[in-house]
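Please treat every number below as a calculation from the coordinates, not as lab data. Predicted model only: the values in this text are computed from it and were never measured. Cβ atoms come from the backbone with ideal geometry, glycine included; neighbour counts cover every protein chain shown.
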Amino acid sequence: MKIRTATLDDAAAVAAIYGPIVQHTAISFETEPPDAAEMRQRMAKTLASLPWLVAQDATGAVRGYAYASKHKERAAYQWSVDTTVYVHEDARGQGVGRALYGRLLPLLGELGYCHAFAGVALPNAGSVGLHEAMGFEAIGVYRNVGYKHGRWRDVGWWQKSLRPLDTPGELLAFKP
């Protein structure tokens, strides 16, 4: 598995991974899958300041992706990020998510971020297992926060420290 920084040319592959998740599961709270053009815009916005990574198999096919986004807008939150990882249905359970987070999380620490947060629509044993295996700790649940596929859904929240909590320094810009 090769982990690399995504390029905008990966947008169609990323949309192909994400689309079925949006359509057929409650893992994502979106209800309409974004097309490649929309995904390209999202990727460009993220890559302007934060990492977006893809995992490629031996044939070069994109099998998963992970990225970071701002946790909140207020200035005091600037050292915290939310993380997202999605893996192609056929590649789940093969270490793709671990490989992506294995690169993304240290990179975020190198850029100066102190905490990573992950929201997981529940139930989702695979995602919970991945986050806990990567050192995230459960910190709470938003109960009945989203309605999708005919029922109310909970979102669990996990947190991981990325670096020592001394006085935070200046955040470094991500350079793809």
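Condition (residue is polar (S, T, N, Q), in a loop (DSSP other than H, G, I, E, B) and under 21 Å from Pro20 (Cβ atoms)) applied to region 44-56: is it met by at least one residue?
no
Which one is nearest to Lys45 (Cα to Cα), of the residues in region 4-21 that are buried (at least 18 other Cβ atoms within 10 Å of the Cβ) and of a type in the set (Val, Ile, Thr)?
Val14
Name the residue, out of Ala37, Ala61, that is of a type in the set (A, V, I, L, M, F, W, C), surrounded by fewer than 21 Cβ atoms within 10 Å (Cβ to Cβ) and over 18 Å from Ile3 (Cα atoms).
Residue meeting the stated conditions: Ala37.
From the residues in region 83-95 that are over 14 Å from Ala6 (Cβ atoms) and of a type in the set (A, V, I, L, M, F, W, C), which one is surrounded by the most Cβ atoms within 10 Å (Cβ to Cβ)?
Among those residues, the one meeting the criterion is Val87.
Need a quick list: strands (runs of 3 or more DSSP E) entirely within region 61-176 having at least 3 residues that are within 22 Å of Val14 (Cβ to Cβ).
Passing ranges, in order: 62-70, 80-87, 115-122.
For region 11-54, which positions are among the acidic types (Asp, Glu) and within 16 Å of the chain's Cα centre (by Cα)?
Result: Glu30, single match.
Just give me the residues in region 142-176 being under 21 Å from Val22 (Cα atoms) and not charged (D, E, K, R), in sequence order.
Tyr142, Asn144, Val145, Gly146, Tyr147, His149, Gly150, Trp152, Val155, Gly156, Trp157 - these are the residues of region 142-176 that are under 21 Å from Val22 (Cα atoms) and not charged (D, E, K, R).
Please state which of the following conditions Phe29 fails to meet, knowing it meets all the rest: (1) out of contact with any Phe, Trp or Tyr (no Cβ under 6 Å at 6 or more places or on another chain); (2) closer than 23 Å to Asp9 by Cα; (3) surrounded by fewer than 22 Cβ atoms within 10 Å (Cβ to Cβ).
Just one mismatch for Phe29, condition (2).
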